[in-house]
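Everything below concerns the one structure shown next.
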Amino acid sequence: EVARIMTLYAASLESNGIECQNEAAMTKLFCTNVATQASLDAFQIHGGYGFMQEYTVNRFFREAKMLEIGEGTNEIMKLFIAKRLGC
């Protein structure tokens with residue numbers, strides 16, 4: 001729910017022409033972390049079946065990891081956020 005609210009907030013800032021690079025980077029970082037953690041939890045729940053191609057758990061994990069890489073890795077997002085905050 002928090003990921004959805006963060007996404008909607010960043011999107012509303014962008015729609016209103018307000019600079020939102022920090023919010024967008026924080027949202028991307030948070031959402032990809034949540035997606036990866038949720039897919040890892042699903043792996044734990046499904047056990048060995050989670051690794052089988054026939055189950056969607058495997059696809060969710062692969063997609064979550066791709067989200068972490070796309071448009072800048074999470075490590076790059078952390079550096080970007082820190083730089084923008086003056087750290």
Check: Counting Lys and Arg as +1 and Asp and Glu as -1, each charge on the Cβ, what is the dipole of the chain about the Cα centre in debye, to the nearest 20?
Finding: 160
Next item on the list: May I ask you to work out the translational diffusion coefficient for the chain at 4 °C, viscosity 1.567 mPa s, via Stokes-Einstein with Rh from the Kirkwood sum over Cα pairs, reported in whole µm²/s?
Entry: 91
Margin query: Compute a Gaussian network model of the chain, connecting alpha carbons closer than 10 Å, and tell me which residue from Asn74, Asn58, Asn33 fluctuates the most.
Written below: Asn58
Checklist line | Whole-number percent relative contact order across the chain, with pairs defined as alpha carbons under 8 Å at least 6 apart | finding: 27
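Every number in this text was worked out from the coordinates using simple rules, so none of it is lab data. These numbers were taken from a predicted model, which means no experiment stands behind them. We place every Cβ from the backbone using ideal geometry, glycine too, and count neighbours over all the protein chains shown.
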